[in-house]
Amino acid sequence: MNLFGLMETSGGAMQAERMRAEVVAANMANAETTRTASGSPYRRQHVIFAADRGDPGFLNSLATASADTAPGSLASAALPTLNTAGAGAAAPGVHIAGVVEDPAPPLKRYDPGHPDAGPDGYVSYPDINPLTEMVDLMGATRAYGLNGSAVQAEKGMITSALEIAKS
């Protein structure tokens, strides 16, 4: 992983968490939407995250180091040397694999005066629980903030390293 690998990883995670927060906000905003352009009630959305593979050079160096040492030997406990052949490749992290609709059926509420009421007087509402959405939003906000803190910490370490190099 290169010098800025942590920033790339945290930046990708921050983008994913921002998207998660936007989807949660859309879910909350549409909690009472009984008719969309398709004519059905709004469906709750979920963000699906997927892991990035990361730097293949780094992964190969780990495999090579573990294959070169005998199990149980003192050398097998040593840290492998970083293979710089893959330097500059993508850092491991997360990306958004997609946004999918919740398969849960809509909630039925009896309201015969509602314009979207069926012949039986029931209206289909999205199955969105505000409590669940707030917990998701808090998780996204916390993860976003922690990744921001990681970026700030790396910036501080780089600044310190540059100060040491000046001396």
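Each reported figure results from applying straightforward, stated rules to the coordinates on display, with no laboratory input. Quantities reported herein were computed from a predicted structural model and do not represent experimental measurements. With ideal geometry, Cβ positions are generated from the backbone for all residues, glycine too; neighbour counts draw on all protein chains shown.
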Spin-label point model (7 Å from Cα, Cβ direction): what's the Asp111 to Ala50 distance in nm?
3.8 nm
Treat the count of other C-beta atoms within 10 Å as a stand-in for reagent exposure and order Glu32, Glu22, Glu154, Glu17 from fewest to most.
Glu32, Glu22, Glu154, Glu17
Please give the contour-minus-distance gain from Ala37 to Ala161: 0.36 nm per residue of separation, less the Cα-Cα distance, rounded to one decimal in nm.
39.0 nm
With +1 on the Cβ of every Lys and Arg and -1 on the Cβ of every Asp and Glu, and nothing else charged, how large is the dipole of region 97-167 about its Cα centre, in debye rounded to the nearest 20?
480 debye
Of the listed peptides 105-112, 142-149, 39-46, what is their order by residue-averaged count of other C-beta atoms within 10 Å, with the highest listed first?
39-46, 142-149, 105-112
Working out 0.36 nm times the residue gap between Glu101 and Gln15, then minus their Cα-Cα distance, what length gain in nm do you get to one decimal?
28.9 nm
